[in-house]
Every structure is written in C-alpha cells, then in structure tokens.
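A.B. asks: Next up is a structure, given as structure tokens.
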Amino acid sequence: MKDLAMHIIDITRNSVRAGASLIGIRLDVYKTEKLLKMTIKDNGCGMDSEMILRVTDPFVTSRTTRKVGLGLPFLKMNAEQTGGALSIQSQPGEGTVVTATFDYSHIDCVPLGDIQGTVALIMSGNPNQDFEFEICKDESVFALKSTEIKDALDGISIANPSVAKMIAEMVDTNLLSDLQ
Ligand SMILES: Nc1ncnc2c1ncn2[C@@H]1O[C@H](COP(=O)(O)OP(=O)(O)O)[C@@H](O)[C@H]1O
Ligand SMILES: [Mg+2]
C-alpha cells in the first residue's frame, strides 16, 4: 500500500525527469475541514492540455524503459477514495503544479509514512535540483530550503550520506502529528 511519503517521492521524480531545477513540496492542513492538501510545483518542461487529460490514464507515460505510468493515476485514486481530488495545472515550457486533496478523517486515507526520511532522500538524492519543503497548519509554518542547507554545508555535498540523516532530523513534522 502506498503512503503519502511515497506519493511525494513519485511526483517529485516526475518533476526531476521533466528537467525542473526548482521543486516546491507543500503540505497544508485544514483542521476544520479535516483536509490535507499536497502541492508539488516545478519549473520543468510542463505538459500541454491534451497530455494533462491523458496522464491520469494508467497506460500513459513518456518514459521508454517501462511501459505504463502509474504515479499520477495512483495518486488520483488515493485522493478520490477519501472524497478528495487530483488537479494538474501545467503550461509547456513553464512548469507544472500537481495538487492532491485528502479527507484525512476518512477510513481509506493513506497514512503519512516517513515524511522526514522522504524529504532527506529527495534533497540529498538530487543534488543538482533545489527543493523547498513546507508544512502549513493554521498560523504555523515549517519551511526548509535545500539552497540554505547547501550554503550552510560550506562545500560538503548535500549528497553526502551523513547529510541525509541531518536533513531528516531537521524536518519538523509536529504540525502533522494529529493526522494519524
Ligand atoms: N511534473 C511533470 N512535468 C512534465 N510532465 C509530467 C510531469 N508529471 C508527469 N508528467 C508526464 O506524465 C507522465 C505520467 O506520469 P506518471 O503517472 O507519474 O507515470 P510515469 O512517471 O511512470 O511515466 C510522465 O511520463 C510524463 O510524461
Ligand atoms: Mg511518475
């Protein structure tokens, strides 16, 4: 079974493959509506409107190594089974915004999974891209930018294995603690 962290890996991998240099990963929690919104935004190659319509079909992929694409169809299914939705906004040459909403009180909502480890894996595993990770709830915001981490590392590569552990420790998921 997928969890939210695995979806984040999947969707950011699409952004990296689309040639993005900057990728935003944002989680918004709306307590009164019991809504969790995941937004992944990139400045990659984008998609035209015909492609946007096709990509939630599980048999569509632009990759050649494996025949079927499943990242977006799975995310759509998992969002919709809670009464939520998947939305894709994209412009060729501009970038893409993928948004998925989940009713986190729904019995079929996927668990959060290892958000800390995932953010660490994404940032240290893609040293040539920059990432902005945010969790927002009520008035509280947690934000972590890979550019700031790279600056603080002062020459040590963000891909260094000990850095991943440090990033995971920095990611504060307290804002998500009452979701599961
Ligand atoms: N952020 C993105 N920018 C540009 N194209 C994208 C993006 N995300 C998805 N796509 C396109 O949609 C296709 C389907 O994506 P997905 O469902 O994740 O399957 P897969 O990644 O296995 O191909 C990709 O192969 C790609 O052509
Ligand atoms: Mg994919």
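A.B. asks: Let a ≥ b ≥ c be the square roots of the eigenvalues of the Cα gyration tensor of region 4-175; is it rounded (a/c under 1.5), or, if not, prolate (a/b larger than b/c) or oblate?
C.D. replies: Since a/c reaches 1.5 but b/c is at least a/b, the shape of region 4-175 is classed as oblate.
A.B. asks: Okay, next question. Counting only DSSP beta bridges with both residues in the chain, tell me the antiparallel percent, nearest 5.
C.D. replies: Percentage antiparallel, nearest 5: 80.
A.B. asks: With a 10 Å Cβ neighbour count serving as the proxy for reagent exposure, in which order, fewest first, do I122, I149 appear?
C.D. replies: The order, fewest Cβ neighbours first, is I149, I122.
A.B. asks: In whole angstrom, how far apart do the alpha carbon centroids of region 137-180 and region 1-40 sit?
C.D. replies: Taking the Cα centre of each part, region 137-180 and region 1-40 sit 15 Å apart.
A.B. asks: A further question follows. Please compute the contact order of the chain in relative form: average sequence separation of alpha-carbon pairs under 8 Å and at least six residues apart, divided by the residue count, as a percent.
C.D. replies: Computed over the chain, the figure is 25 percent.
A.B. asks: Also, quick follow-up: Counting other Cβ atoms within 10 Å, keep those with at most 10, restrict to DSSP loop, and tell me which GluC sites (Glu not before Pro) in region 98-149 are left.
C.D. replies: E139
A.B. asks: Further question: Sorting K31, K37, K76 on the 10 Å Cβ count, fewest up front, what's the list?
C.D. replies: Going from least to most buried by this count: K31, K37, K76.
A.B. asks: Still on this structure, please answer the following. What aspartates and glutamates sit close enough to K76 to cross-link, taking a C-alpha to C-alpha distance under 14 Å and skipping anything fewer than 8 places away on the same chain?
C.D. replies: K76 reaches D3, D10, D57, D103, D108.
Every number in this text was worked out from the coordinates using simple rules, so none of it is lab data. It should be emphasised that the depicted structure is a prediction, and the values quoted were computed from it without experimental measurement. Every residue, glycine among them, receives a Cβ derived from its backbone with ideal geometry; neighbour counts consider all protein chains shown.
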